[in-house]
Structure formats: structure tokens, C-alpha cells
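Below: one structure, written as C-alpha cells.
The values are calculated or read from the model by the stated rules, or taken from the named source; none is laboratory data. If you're wondering where the values come from, they're calculated on a predicted model, not measured in any experiment. Every residue, glycine as well, gets a Cβ built from its backbone with ideal geometry; the counts of neighbours run over all protein chains shown. Ligands, DNA and RNA are stripped out before the accessible areas are found, and what is left, the full protein with its side chains, is counted by its heavy atoms. Shrake-Rupley method; radii C 1.70, N 1.55, O 1.52, S 1.80 Å.
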Amino acid sequence: MAAPADMEPLCALSLELLPTDPLLLILSFLDYRDLVSCCYLNRRLNQLSSHDPLWKRHCKKYWLISEEEKSRRNESWRAIFISTYCDLGRYIHYYATLKKAWDDLEKYLGQRCPRMIGSLKESVREEDLDAVEAQIRCKLPDDYRCSFRIHNGQKLVVPGLMGSMALSNHYRSEDLLDIDTAAGGFQQRLGLKQCLPLTFCIHTGLSQYMALESVEGRNKYEIFYQCPDQMARNPSAIVMFITGTSYLEWFTSYVNKVVTGGYPIIRDQIFRYVHDKECVATTGDITVSVSTSFLPELSSVHPPHYFFTYRIRIEMSKDALPEKACQLDSRYWRITNAKGDVEEVQGPGVVGEFPIISPGRVYEYTSCTTFPTTSGYMEGYYTFHCLYYKDKFFNVTIPRFHMVCPTFKVSTA
């Protein structure tokens, strides 16, 4: 259909004629890479892309820069983004996640066990990390390097940042190694070839390792505890209990459990007991809850011997009547392994004690068990007698709680 004779032809739409505000709105949705690309298209987009408020979102998203820090640095948002990118640009996909994890951990520990904060080391420089790579002749993953640009691990002290575990005759507390100490422990021997230690326990010598290459049956960047294979003819053969698939996943998942209260703080230390919210049972005014932990340093796959510890909390409601006060006399356990084999245990008290429970009072204790299978569960009851009515006895249910060995694999060395 022909256009009417009196209609003028449409003029080509020019970028220069478009109003500024809609263009700035469009640019506000672009990622930093696209925003930089716009700077090279033409003069108008170059001017608009340099609009400082556009860079505020990127500074907060990638570098966690706050308004207070911007004021302190007395620089524009764009200048802050560019200078930070020049220093940390290779870590842009990891930095915000790891920085938040470190900040959350420091804030949490500062309120609950401040002496641990004093053991943290300052960040390292890029050239320090490059020197370590040259020393071990192996590349470090960027998420691992990024973490050390925030904190260089911690001093070799007790308690360790990566959690503790204590039994009557066994104690473990893992430090997060600084980069130089980790490099000094880099392994090239069979069984642990091209593995870098991430943690170390002064008392047990236990470490968690990260595989820097896919060798001897490991996946690249996999994190694990190593355990000797006692039945293998080759003394270098080990079993690996897997604790993470990458440094980022390993570290942030640990921090999340700490700061959300998943791991309890006991005597100014992080204890790596895992509490299942279903493992709670209430009988009358008494509540029993259980948390558990697997101990790789006391376990073995060949021969099968899986060591678990559990922590039990017994609490009487603060609203209970005073005459409800009672004393624990005995315990009964029904222990079932993955094959369905059942063992029953009955005996006086708990860990040699006969605790008295009264309104509002809490009693906690730690014990342990072993299984010939990778998993099992326990359940049972405590028998109490009333302090005010000596002849009155009653049972308190212990909820069923499961213990499961982490995923493991055998080295192909």
C-alpha cells in the first residue's frame, strides 16, 4: 500500500537524540563487562557509561564495598571498581562469596570466641601466591588463591579455626594452614601425589588435603582426609574420606554451619558435632537431643572399623515443678548396624556419672561407638528415680540417631 502523498518520510533514529534518563536506566541492567564495552562504541555511550552511580551496584555485588568504605577512600564508585579489579580481577567470580564467608565468620567468632580471631593472619600478595606455584610446580585453584587474598590462614595454635573434637583420651583441633606452611607440606609421594594440605592438627598430625591434579583416583580440587589401607600390600595405598569437591564449597559450607549454630561453641572452640533436628525426644518434662560426628583419624575401611562420637543433651523444662527433680540411674542402648545386626547394652549411669536433673538444668556428655559397617543407628532410654519420691522410677526415651560415614574412595596408587 502506498504511503499518503502528504506524509513525510521517517528520519533515522539517532542515539544522540535519545534522552539521557532512559539510556541510563538501560545501562543500569548491564553487567560490568558490557558496561565497559559501551565505552568504546561512541562518545555518547562513553559519557553515559562513566556515570558514577552505574558502578555502585557492581562495587557492592563483586567487591562488597559499603557506603562507609567509599567515604573513607574518597573515590568515585567507578574508580573503586577499576582499582579493585586491577588487583583482584581474576577472582571476580569468587571474591564476594569468600569475603562474605570470612566476614560472617569473624563477626560470629568475635562475639563467641574472640581469642581465635587473634590467630588469623593478614592477606598475602599476588606475587606470594605466584611464588608458591613456582615452588611446588603446580597451579593453585583461583578460589583457594582468592581466600588467601583475604586471610592467609592462621597461626599454628590451639584451638584451630577448622574445628575441634574431644574424647576422654583423644583430642583434635585443626588449624587452617597459611600458604607457606601448606606449600612446605605439598606431597609428591605415592598415595598423596600432587596433594596440598589445607589443615593440620598439632596433636594428631591429621590433615585435610586438596588434590591439585586428577591422579591416583582423585578428582581435581577434591578435598579429603587420608587414612592408610591396612590390608593393602602396597604401603602407599590410602583411603580418602571426601570432605569437599572444591575449596569454595568446602570452606563456605563449613562457615555456614558455624555461623548458623550448626556446630556448637564449647569452651571457646568450634566442635564439629552435627545435630539432626529430628533427633529430639521429650518424655514428660525431660528432653533428650543428640548430635554426632565421624572421626576419620580413628577409622579404617580395610579392615572395616568406623568410629563415631555422639554428644547427648539432657534438659528438664524450667517450668517443671521442683518435686520433679530426679537422678539418672542407668542406661539402655539398642545398637543396629547397616547389616541389621543388633547389640543391646545396659549399665549403670552414663560415662561413670549419675547426674541429677532439676527444673531448668542441663546435663551434657560425650561418648563414642564403632561400627563394622559404614552406617548404623542407636536408640534407647535412661532410667531415673525421683528425689522426692524415692520409690518412683521412670524411663526417658533416647531418640534414634543415625551415624553415616562420609563418601570415600581408595587410592589407585
Could you look through region 125-155, keep only residues that are among the small types (Gly, Ala, Ser) and open to solvent by 20 Å² or more (accessible area, probe 1.4 Å), and pick out the one that is farthest from Ala96 (Cα to Cα)? Ala134
May I ask you to list the residues in region 166-202 that are under 26 Å from His151 (Cα atoms), outside any strand (DSSP E or B), open to solvent by 40 Å² or more (accessible area, probe 1.4 Å) and of a type in the set (A, V, I, L, M, F, W, C)? Ile202
Within region 203-224, residues being open to solvent by less than 10 Å² (accessible area, probe 1.4 Å) and either outside the structural domain of Thr245 (by the TED database) or not in a loop (DSSP other than H, G, I, E, B) (or both) number 5
Is it true that Lys257 is open to solvent by 60 Å² or more (accessible area, probe 1.4 Å) and part of a helix (DSSP H, G or I)? yes
Residue list for region 42-73, filter: assigned to a loop (DSSP other than H, G, I, E, B) and either small (Gly, Ala, Ser) or out of contact with any helix residue (DSSP H, G or I) (no Cβ under 9 Å at 6 or more places or on another chain) (or both): Ser50, Ser66
Here's a check for you: in region 357-386, which residue that is of a type in the set (A, V, I, L, M, F, W, C) and either under 27 Å from the mean Cα position of the chain (by Cα) or open to solvent by 40 Å² or more (accessible area, probe 1.4 Å) (or both) is farthest from Arg331 (Cα to Cα)? Phe371
Looking at (1) free of Cβ contacts under 8 Å to residues at least 24 places away in the same chain; (2) within 30 Å of the chain's Cα centre (by Cα); (3) surrounded by 14 or more Cβ atoms within 10 Å (Cβ to Cβ), which one does Ser49 not meet, given that it meets all the others? (2)
Looking only at region 21-41, which residues are open to solvent by 80 Å² or more (accessible area, probe 1.4 Å) and either farther than 14 Å from Trp55 by Cα or of a type in the set (Lys, Arg) (or both)? Asp21, Arg33, Tyr40, Leu41
Does region 325-333 contain any residue that is closer than 21 Å to Val280 by Cα, aromatic (Phe, Trp, Tyr) and at pLDDT 95 or above? yes
For the subset of region 69-128 comprising residues that are of a type in the set (Val, Ile, Thr) and over 11 Å from Ile150 (Cα atoms), which member is nearest to the chain's Cα centre (by Cα)? Thr97
